[in-house]
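Below you'll find the structure, written out as structure tokens, and then a few comments.
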DNA sequence: GGAAAGTAAG
């Protein structure tokens, strides 16, 4: 028979009694070794009647102490009542203590096991709940129709696939395959694991179904982003004469909202109202998430009005959804207002506000909220999780503050928060930006170990574009072109980004004919209208090849307004080939641009300076200055032993800079003397030298 | 002594 303990090692205190010693966990230190003494039934009835009343925590504690004094706490029946009461007050550890004080004989009471398993499941101690179930089986007690749904839910939330298969086997072995609640819970389990085919199979075989069975199927389809499947179940439900309730409708809304079918979701919401279905707070949260992603701000305000009028503001998750919606529309003041007016906050509330700031580009503000969350009182137990960390890491990364982003990533590791694919993808983009190959490799290894790289088996357009672009950046034009062909052979349709990547690859590698052909195929074969970036690539390609007149003609005849990239490419080619007449014309166009990019101005100024036209050179600089433009100095950086050092031309590096420049010259000599640059220098040698150069003292 | 619905990061 399959046993759960194959997946979970049994805690030592669940082994046979004779092996127990005081050094075992606190759970067992309460377990008396002698049997339960008989109690008068009257006393038990008396306490039971007290515990059945609606009690405050203080009252419950008083009754508990009376029970303890009279030794009645060893009654499994009273213990199960106490477990449930403590669980209701969120005191799962008190519940565990009560459970542990029941003597061995009392453990035959299934109600007690169910209560303690429920207390742990309710408060998110899923693994502990599974361990309790394993212990219960070890003691030779069989679960009932109450135990199994709880255990299935615990296994689902532990998230281990094999564990779920085992628990399904237990259900079959113990003859619960037709038990309504048990099968409903299995439906929910398969839905959460995205296995709707398994769920369907079970559902179709059910002799009796309740509304919950139907709703669970619908929510499974919603989780799998399958609005078609959800609608099919909804119609089938109506055909069988069942009345969809508020939960059914909410799941139907959710199934559409999750896939970005925003208009359909709103239409369904209207239909829900006309049908007179009660609008739940959950349905409104779905609507708010839709409003967050819609451009239409008025709709959002309309829904907010509905929230206020309907009194749904008291629901924590509705407020969280409101923060999310305001945040997505960059109405940060409103988002913060909702947040600061909340009486209770949970992890989602904090994360919603952090991500609102991070997504709006206010990464410092996002980090300030993050720190505030870390410092907040421990009552809410809201501590930064993987989402909080990922939000701030990505916020800094998208603002180009790569070092800050990496520093946070390091801190996250120190705090032992487990990273996921979102975190890794953000940090990898930082690595690409910083050319931090070592860290990138480290993360790649981590991704392989944690099986995050599986998804690359299904390559998407971004995978192909990244590879084509990567070859292009490194001057491997031929390989870039080959990859482009492979992409077509694989049946993937290129997009405008693919063409930017492949055209710039041609430009970098001087593949003139291939670039021309691709540019022509773009519109004729793939129906992609060239945008300003494609024109800039073509101008660069022709210009670098010395075909300046042709490049200039392209700029003159292009159907869209050329921007600073196009003019910049032309001007750079003029500089390379010292063609002054086209440079003059290009220059006058650049000077009229309203661009805030300073590169072209500096290029132009340098061209004038190189040809000795100092006045013109100065004029361009003055013109740039009068426009309030300030050149951002170019920076380089180097990774030495997991730390990044930035430096720029002319900056005073160090007190020992003469010595440093001496070593640099020596390095340059070594590199030029080698046939292949870098080949004679090991990474270790570069690291050692760089560290010598950069580390203070 | 039950169950199902929602909101946060790329």
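The values are calculated or read from the model by the stated rules, or taken from the named source; none is laboratory data. Model, not experiment: these values are computed from the prediction. In this analysis, Cβ positions are derived from the backbone assuming ideal geometry, glycine residues included, and neighbour counts consider all displayed protein chains.
Among the criteria (1) within 14 Å of residue A:384 (Cβ to Cβ); (2) surrounded by fewer than 18 Cβ atoms within 10 Å (Cβ to Cβ); (3) at pLDDT 90 or above, the one residue A:361 does not fulfil is (1). In the range A:208-219, what residues are near DNA strand B (Cβ under 8 Å from one of its atoms) and in a helix (DSSP H, G or I)? Of everything in the range A:208-219, those that are near DNA strand B (Cβ under 8 Å from one of its atoms) and in a helix (DSSP H, G or I) turn out to be A:211, A:212, A:213, A:215, A:216, A:218, A:219. When you look at residue A:236, is it within 15 Å of residue A:213 (Cβ to Cβ), out of contact with any strand residue (DSSP E or B) (no Cβ under 6 Å at 6 or more places or on another chain) and away from DNA strand B (no atom under 12 Å from the Cβ), yes or no? Against the criterion (within 15 Å of residue A:213 (Cβ to Cβ), out of contact with any strand residue (DSSP E or B) (no Cβ under 6 Å at 6 or more places or on another chain) and away from DNA strand B (no atom under 12 Å from the Cβ)), residue A:236 qualifies.
If you go through the range A:61-97 one residue at a time, how many are assigned to a helix (DSSP H, G or I) and more than 18 Å from residue A:43 (Cα to Cα)? So the answer is 12.
Given the condition under 28 Å from residue A:42 (Cα atoms), crowded, with 21+ Cβ neighbours inside 10 Å and within 16 Å of DNA strand B (Cβ to nearest atom), answer yes or no: does some residue in the range A:120-138 qualify? No, the range A:120-138 has no match at all. The helices (runs of 4 or more DSSP H) found entirely in the range A:246-296 that carry 2 or more residues being away from DNA strand B (no atom under 13 Å from the Cβ) are A:262-274.
Consider the range A:90-103 and keep the residues that are surrounded by fewer than 21 Cβ atoms within 10 Å (Cβ to Cβ) and either within 12 Å of DNA strand B (Cβ to nearest atom) or at pLDDT 90 or above (or both). The one that is farthest from residue A:57 (Cα to Cα) is A:103. Exactly one residue among A:175, A:205 is at positive phi and more than 13 Å from DNA strand B (Cβ to nearest atom), and that residue is A:175.
From the list A:498, A:483, the lone residue that is in contact (Cβ under 8 Å) with a residue 24 or more places away in the chain and touching a helix residue (DSSP H, G or I) at 6+ places or on another chain (Cβ under 9 Å) is A:498.
With a requirement of 3 or more residues that are farther than 28 Å from residue A:356 by Cα, in the same structural domain as residue A:512 (by TED's automatic domain parsing) and away from DNA strand B (no atom under 13 Å from the Cβ), the helices (runs of 4 or more DSSP H) lying completely within the range A:382-479 that satisfy it span A:461-473.
When the test is whether a residue is at pLDDT below 95 and within 9 Å of DNA strand B (Cβ to nearest atom), residue A:147 does not pass it. Here residue A:367 fulfils each of the conditions (1) more than 10 Å from DNA strand B (Cβ to nearest atom); (2) over 23 Å from residue A:326 (Cα atoms) apart from (2).
Pairs linking a residue in the range A:385-404 that is under 14 Å from residue A:423 (Cα atoms) and modelled with pLDDT of 95 or more to a residue that is outside any helix (DSSP H, G or I) and more than 6 Å from DNA strand B (Cβ to nearest atom), with Cβ atoms under 6 Å and 6 or more positions apart or on different chains, are A:389/A:417. Restricting the range A:309-345 to residues that are within 8 Å of DNA strand B (Cβ to nearest atom) and over 19 Å from residue A:280 (Cβ atoms), the residue that is surrounded by the most Cβ atoms within 10 Å (Cβ to Cβ) is A:323. For the range A:556-566, filtering for residues that are modelled with pLDDT of 85 or more, surrounded by fewer than 23 Cβ atoms within 10 Å (Cβ to Cβ) and assigned to a helix (DSSP H, G or I) leaves 3. From A:335, A:356, which residue is part of a helix (DSSP H, G or I), more than 15 Å from the chain's Cα centre (by Cα), under 30 Å from residue A:295 (Cα atoms) and in contact (Cβ under 8 Å) with a residue 12 or more places away in the chain? Just a single option satisfies the conditions, and that option is A:335. Residue A:228 meets each of the listed conditions (1) part of a helix (DSSP H, G or I); (2) within 10 Å of DNA strand B (Cβ to nearest atom) apart from (2).
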